[in-house]
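Since the structure comes first, as C-alpha cells, the remarks are kept for the end.
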Amino acid sequence: MAFVDEIKIHLKSGKGGNGVVRWLHLKGKEYSGPAGGNGGKGGDVYIKAVRTSSILEKYIQKAEMHAGNGEDGSNRSRTGEGGEDLIMEIPLGSYVKNLETGVDHELLEEGQMIKVLHGGKGGLGNEMFKGPVNRTPEQQTDGKPGEEADFYIELRLIADYGLIGLPNAGKSTLLNTLTNSKSKVGNYNFTTLEPHLGDMYGIVIADIPGLIEGASEGKGLGHKFLRHIQRTKTLLHCITCESGDILKDYQTIRAELKAFNPDLVNKEELILITKTDMASASIDVETLFPDQEVLQVSILDDESVNSLKKKLTQMIQKPDAVDN
C-alpha cells in the first residue's frame, strides 16, 4: 500500500443515554416515589499523537468512526454507564482540522492527546423532577446527541535532518548508509515516492522525495511532499557531482522552497556534494559556495561518511526548537 499522509474522515461522539421513569417499590407500598435514573454521558472523541508515521493507512477504508453511546438510566436512581471514548491515534507531527468549525490542531509531542468532539449529555430521570408539588413526576428527558464533523488530517514529518534535492541526487543511498534504512535506490532518474525515516544514534533523518523545477506549482510530485520539510530542523541539500551545473541544481531547489514557503530558505542548511567517487575532476566548492559550508561524500569512502556522521552529531547537539 502507498504511503498515506493525508485523510478525510467523519468522526462522531456518543449520544447521551435517556433518563427513565421508574418507581421505588417498598414492601406494603407499591409506589413509594420516583426512582428513575439519569442517562449516561456519550463518549468523547480524542486524537492522540503516536510515533508511527504509517498509522494513517489503517483509516483509509473507514468513512466514519464513532465513540460509544451512553446507556439509559435504570431503576433505584441508577445512572447509566457512560459511552466509551474514541481515541484516534495519528502520527506525531499531524495537522488536524475540523471542517465544520474550522478549528485546527497540531500534535507536536508524542502522547499528546486533544479532545476534538464532546459526547452528548445524558437525559434526566423522573427522580430529578420530584418536588413538593410534583411528588409523582412522569417527566424524563432524552439524552443529547453527540457532536460530529468531518476532519482533515495531514501528516507533516518531524525530523532532525531532511535530505532534499533533485531526483537521483543520492538521498536514499545516503540515508541507507547513515541509518541502515531500507529506502529503494537506483542509478537512473528515479525519485522516492514516499518519505522514509532513518535513525542514526537517536538522530532522525528523513529522505524527502525528490523535487523538480515547478514542484511548488504541483509539477512532478508537486507540493505534496514540500510540506514535510516545514518541520525539519536542518536541511541536508544533496547535489550529485554528476550534475552538469551544480550551482543551478542548488538554486532550482532553493527557488522551489521559497515559492512554497519563504521561511524554508531560512532554515539551517548543510550542502552535500554526493557520489564524489563518480567525479571526473575535483570540484571547487569554495568558488561555487563561498559563504556556505559544504561537505563532499561518497558511500564508498568510509572516511567521508564518518566525517558526515560526526558533523551531524555536532550540529544536533546545539539547542534548537522544532520549526513549525
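The values are calculated or read from the model by the stated rules, or taken from the named source; none is laboratory data. The structure displayed is predicted, hence computed values, not measured ones. Please note: Cβ atoms are built from the backbone with ideal geometry, for glycine as well, and neighbour counts cover all protein chains shown. SASA here: full protein model, heavy atoms, side chains in, ligands and nucleic acids out. Shrake-Rupley method; radii C 1.70, N 1.55, O 1.52, S 1.80 Å.
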- Task: From (1) over 14 Å from the mean Cα position of the chain (by Cα); (2) within 24 Å of PRO145 (Cα to Cα); (3) not β-branched (Val, Ile, Thr), pick out the condition that doesn't hold for MET113.
- Result: (1)
- Note on the structure: Taking the stretch 59-73 and keeping residues surrounded by fewer than 19 Cβ atoms within 10 Å (Cβ to Cβ) and either hydrophobic (A, V, I, L, M, F, W, C) or in a loop (DSSP other than H, G, I, E, B) (or both) leaves ILE60, GLN61, LYS62, ALA63, MET65
- Determine if the stretch 298-306 includes at least one residue that is out of contact with any Phe, Trp or Tyr (no Cβ under 8 Å at 6 or more places or on another chain), in a helix (DSSP H, G or I), at pLDDT 90 or above and open to solvent by less than 40 Å² (accessible area, probe 1.4 Å). yes
- Message: I'd like to check something: does the stretch 144-159 contain any residue that is open to solvent by 30 Å² or more (accessible area, probe 1.4 Å), more than 12 Å from the chain's Cα centre (by Cα) and not acidic (Asp, Glu)?
- Response: yes
- Query: Here is a list of conditions, (1) at pLDDT 95 or above; (2) β-branched (Val, Ile, Thr); (3) within 30 Å of GLU154 (Cα to Cα); (4) assigned to a loop (DSSP other than H, G, I, E, B), and THR79 meets all of them except one; can you say which number that is?
  - Reply: (3)
- Query: So which residues in the stretch 227-255 are part of a loop (DSSP other than H, G, I, E, B) and either modelled with pLDDT under 90 or of a type in the set (Ser, Thr, Tyr) (or both)?
  - Reply: GLN230, ARG231, GLU242, SER243, GLY244
- Out of curiosity, is GLY40 assigned to a loop (DSSP other than H, G, I, E, B) and within 19 Å of LEU155 (Cα to Cα)? no
- Note on the structure: Filter the stretch 248-297 for residues that are aromatic (Phe, Trp, Tyr) and more than 13 Å from ALA169 (Cβ to Cβ); the one that is surrounded by the fewest Cβ atoms within 10 Å (Cβ to Cβ) is PHE289
- Do any residues in the stretch 236-256 that are among the small types (Gly, Ala, Ser) have Cβ atoms under 9 Å from those of residues that are crowded, with 21+ Cβ neighbours inside 10 Å, where the two are at least six apart or on different chains, and which pairs are they? SER243/LEU166; SER243/ALA169
- Message: Going through MET113, MET88, MET128 one at a time, which residue ends up being surrounded by fewer than 22 Cβ atoms within 10 Å (Cβ to Cβ), of a type in the set (A, V, I, L, M, F, W, C), touching a Ser or Thr at 6+ places or on another chain (Cβ under 9 Å) and farther than 30 Å from THR274 by Cα?
- Response: MET128
